[in-house]
Amino acid sequence: MKKSLVRVALLSMMCLTVALLHGQFGAAPVDDPFLWLEEVEGPRALAWVQAENEKTLGLLQSDPRYDRFYRDALTILQAKDRIPSVSLKRQGLETFWQDESHVRGIWRRTTLESYRGQDPRWET
């Protein structure tokens, strides 16, 4: 056990040393040609996304199965009887929920007892 820990520690130190020598840590390179994408709601980034979405949508819609897949996916996503998938955390059960009222989604949690009930009480 001790030998394994020593080996892991030595390997980690070697990797860190090599990374430091090759400049993998520190500030991001200034000459990054895609740095403008970091401003996710900037006009240039939004225009690029719009153009990429149009190309992708055209390709998807050219598939004869597109309409059926789209309708099926929309039906599933808009279903009012969806069961929230949850993760067990220290303070209860948590889920990320999206619906027509929460388009961008919300994090919420409840207790196990409440989740087992008919209408769970969620805390956002």
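The values are calculated or read from the model by the stated rules, or taken from the named source; none is laboratory data. Note that this is a predicted model, so its numbers are computed, not measured. We place every Cβ from the backbone using ideal geometry, glycine too, and count neighbours over all the protein chains shown.
In table form, for the structure just shown:
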{"read-out": "Filtered residues of the range 100-113 (kept if surrounded by 10 or more Cβ atoms within 10 Å (Cβ to Cβ), touching a residue at least 12 places away in the same chain (Cβ under 8 Å) and of a type outside the set (Val, Ile, Thr))", "value": "Trp107, Arg108, Arg109, Leu112"}
{"read-out": "Among residues of the range 77-105, those that are at pLDDT 90 or above, more than 21 Å from Gln118 (Cα to Cα) and of a type in the set (Val, Ile, Thr), counted", "value": "0"}
{"read-out": "Breaking point among (1) of a type in the set (Asp, Glu); (2) loosely packed, with under 10 Cβ neighbours inside 10 Å; (3) assigned to a helix (DSSP H, G or I), for Asp72", "value": "(2)"}
{"read-out": "Members of the range 94-110 found to be part of a strand (DSSP E or B), under 16 Å from the mean Cα position of the chain (by Cα) and of a type in the set (Val, Ile, Thr), listed by number", "value": "Thr95, Ile106"}
